[in-house]
Structure formats: C-alpha cells, structure tokens
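Data block below; observations after.
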Amino acid sequence: MTVENGQFVIQNQSVLALCEEFGTPLYVYDGDKIEEKANALKDAFKGVKMKIKYACKANTNISILKLMHTLGVDIDVVSPQEMAVALKAGFNPSQITYTSSGVSFDEIEVSINNDVLANIDNLPTLIKFGEKYGNSVPVLIRIRPNVEGGGNLKISTGHKESKFGIAIEYKEQILEIAKKYNLNIVGIHQHTGSDIKDGKTFVEVARVIFDFAMSFPDLKYIDFGGGFKVAYKDGDSVTDMVDLGEKISASFQDFCKKYGRELELWFEPGKFLVSESGFLFGNVNVVKENPTKTLLGLNTGLNHLIRPMMYDAFHDVVNVSKPNAAVNEVYDVVGYICETDDIAKNRELAKTDEGDIICIKNAGAYGFTMASNYNGRFKPAEILIYKNKVHLIRKRETLVDILANQILVEL
Ligand SMILES: *Cc1c(COP(=O)(O)O)cnc(C)c1O
C-alpha cells in the first residue's frame, strides 16, 4: 500500500474506493505481493531442487489457493477440509501433503484415499499405517528435533515440551516399525515454529535432520517446515532469505552427496507468503475521549483479527482517510467486541475523525482463517487484487450464514 496522488492505493486501486464499494470491515489481499514473496523464496534456493508447500492454514480462501497453484507453489494442509478445498482449487493430489497432528486414523485414510502423501507425527499412528498399508503407500514422518525456535511459546513447535512430531530420541523405534512393516518412508519433516528470525535456528535444525536422515535409505524429500519471520513494524528483524538460502543450500548439497542421491528440499511457509499481502480495513465508529487517552473504536475486533489479543502481536495501523494530515495524535485502536480487544495501543496516527477508515497491516496470515462469529457478528468480505484486477473472493456474511446450522426447537 502506497500513497499516489494524495491517496492510499494498492496496485493503483484506491483503498477508500474499495471500502466504499465493498463496505467495511474488509480484508484486501495484494496478489502481486504474494507472487513477489514466492519468487524471492524460489530465488534464494535456485541452486537446489526446492519446492514450496504453502502452509495454507495461514489463509485458506479458495482463490488464494488457486493463486498459489498458478504461481507453481504446492500446498501443505492440516485437515481433510483444507485438503478438499485444495483439490477444489485445482491442486493435483501429488502437490498436496497432509501434515497431521494427533488426528484420528480415519483422517490418514482420507489422505491415502485421495492419493495425498500423509505426514505422520506419532508412533501409534505409524504402526497403524504399517498394519494397513505396509509399503504399498509412501509416507512422510514428522520429527521433533528438540531445537528451540519461534516468536513465542504458543507458536514454538520443535522444542522438548512440544506436542508436535515424533521425538528424535525415538529413532530406533521408528526404524523398528519401518523394518517390521517394510515402510516406504520417503520424507523427513520438521517444523520448528513461527516467527523464527534467527537463520541459525534453521541451520542447526538442518544439521540435526540431515544426521537423522542418513538412517533412512528411501528418502526423496527433506521438509523443513515454515516459520520465516516477517516484519510487522519498521526495523523488525526478519529471516534473511538470501543468507539462509546460501547456507541451507550448501549444507543440503553436502548432505545429498553423503546420502548418495539428490533429494528435494521442501519448505512450508505460511506467514512469509501471505502476511504482508493482507490488509484489514475498519471504520472508526467512535472517537472516545478518556481522561488519560483517546480511543478509536472500530467496526471490527478480535472476531476478525485475533492475533493482537492471542499472541500480543504488533500490527501497524494507518488512517487511510487522512493521507496528508500534518497533525499526529496518540490513540489506542480498539474493537467493538464485548471483551477487551485491543488492536493497537499508543499509536501515533493522523488526527482521526469518526467515519475515517483505519487500515490494519500484515493481516494476510492467520487473520480471516482465525476469524469467528463471536458476538454474533458477520465475518468480513475478502478482496484479491492481482495484476491490477479486483476480485471479490468472499461475500460478506449475512444472518442466513449465522443461522445456517442452528435449529430452533419446539419447547
Ligand atoms: C503452521 C505451519 C507452518 C507455517 O508456519 P508459518 O509461521 O506461517 O510459516 C508450516 N508447517 C506446519 C506443519 C505448520 O503447522
């Protein structure tokens, strides 16, 4: 989003005009930004056979999935429902992986019945898999490398206390199960967490996983998960992709040489691909003076973007109705939910009036996908702008959606 000719635009589209046309609250995604991020990642790893598996839980709108498919990005799903949407969006089953975490075996069967590679994260499920499929179906295993990484504990998945993956200490058990059922283990997967700013974490994980992988002779893929950190505010440290690309590519090539075969290197970024592409626009319902501070009450809140309340996440906010304002004031931007729902605290914004539109940035990942109908409110509409074309990719909900599965009984 930039200012052109005195107004905020995304790809030449006036954001105020979009808010006028589609109403607020409104999610807007810049598809060209998604393309730019995908290309940056591809470039960083151009020296090795690398595949991007978009971790679609970050943003599952079917048109975003279609865009990923068009960009040559594969997909990682975490439920049969995401799998179904991915198939509908046009992905071939061979481009999908199903990363399960403690799911019922029925769901693994759904994956296999759809010819989708399943990623298994615990030993009992691996045994069931062996009993049912033996070596007739390839399988991926998720390892917990016991390496710390991630912006906060809720989104750290690779450490010793984490529920995720098969602990790396159980290598012998995995090998025993693999031998007993003649398993065709084609890939080793790990995902250390989200918001990993330190490239060293990936390098350390790589060392641990490459060492582990040497005991598995049938591998085709090494999957390093996602978790690249993106900037939420000016000066935020981010994962240095070029540097990471060089380091991981070099150690991957060394590993392939030692292993005796060239494998594919997989990454599963979610946030990295979609976070910056997304903007949530809300209308200022009220400018509320308090003795100590001034609040801006928006027509959105934690029902549409829960990250500030759930993760203490920082989201930059901009008053897009006042692109040229000289006077800045300090505000707390809050939601309209009957619960504390701070969006942004102590922020300097253009002097704001009722009816102005506030843009919440970096809302493309874990925004809409974590939205709810809390307080009985509708989920917003979603817009995708790609190559200067505006597409409505989700209609705003109505009362019909709220009542869809409710049953009014005779009492
Ligand atoms: C959530 C998740 C990701 C993506 O994490 P980001 O921080 O959004 O990049 C990747 N892999 C798995 C298995 C996940 O659960």
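The values are calculated or read from the model by the stated rules, or taken from the named source; none is laboratory data. Everything numeric in this text was worked out from a predicted model, so none of it was measured. Glycine also receives a Cβ, built like all others from the backbone with ideal geometry; neighbour counts cover every protein chain displayed. SASA here: full protein model, heavy atoms, side chains in, ligands and nucleic acids out. Shrake-Rupley method; radii C 1.70, N 1.55, O 1.52, S 1.80 Å.
Select from the range 364-395 the residues that are assigned to a loop (DSSP other than H, G, I, E, B), surrounded by 10 or more Cβ atoms within 10 Å (Cβ to Cβ) and touching a helix residue (DSSP H, G or I) at 6+ places or on another chain (Cβ under 8 Å) and list them in ascending order.
GLY364, ALA365, TYR366, GLY367, ASN373, PHE378, LYS379, PRO380
State whether the residues of the range 231-245 include one that is under 16 Å from GLY47 (Cα atoms), open to solvent by less than 10 Å² (accessible area, probe 1.4 Å), in contact (Cβ under 8 Å) with a residue 12 or more places away in the chain and out of contact with any His (no Cβ under 8 Å at 6 or more places or on another chain).
Looking for residues that are under 16 Å from GLY47 (Cα atoms), open to solvent by less than 10 Å² (accessible area, probe 1.4 Å), in contact (Cβ under 8 Å) with a residue 12 or more places away in the chain and out of contact with any His (no Cβ under 8 Å at 6 or more places or on another chain), one finds at least one in the range 231-245, hence yes.
Only one of PHE210, PHE224 is under 19 Å from ARG261 (Cα atoms) and within 14 Å of the ligand (Cβ to nearest atom); which?
When all the criteria are applied, what remains is PHE224.
Could you check GLN81 against (1) over 22 Å from GLU131 (Cβ atoms); (2) crowded, with 17+ Cβ neighbours inside 10 Å; (3) within 16 Å of the ligand (Cβ to nearest atom) and say which number it fails?
The one condition GLN81 does not meet is (2).
Considering (1) more than 16 Å from the ligand (Cβ to nearest atom); (2) touching a Pro at 6+ places or on another chain (Cβ under 8 Å), say which one LEU18 fails and leave the rest.
It is condition (2) that LEU18 fails.
Taking the range 188-201 as the search range and keeping residues that are away from the ligand (no atom under 12 Å from the Cβ) and surrounded by 17 or more Cβ atoms within 10 Å (Cβ to Cβ), which one is modelled with the highest pLDDT?
Residue satisfying both the conditions and the ranking: ILE188.
Note down all Cβ pairs under 6 Å where the first residue falls in the range 84-103 and is assigned by TED's automatic domain parsing to the domain that holds ALA167 and open to solvent by 10 Å² or more (accessible area, probe 1.4 Å), the second is among the polar types (S, T, N, Q) and part of a helix (DSSP H, G or I), and they're at least six residues apart or on different chains.
Cβ pairs passing all conditions: none.
VAL284 passes all but one of (1) in a loop (DSSP other than H, G, I, E, B); (2) buried (at least 18 other Cβ atoms within 10 Å of the Cβ); which number fails?
(1)
What is the number of the single condition among (1) within 30 Å of ASP243 (Cβ to Cβ); (2) out of contact with any His (no Cβ under 6 Å at 6 or more places or on another chain); (3) at pLDDT 95 or above that ASN119 does not meet?
For ASN119, the exception is condition (2).
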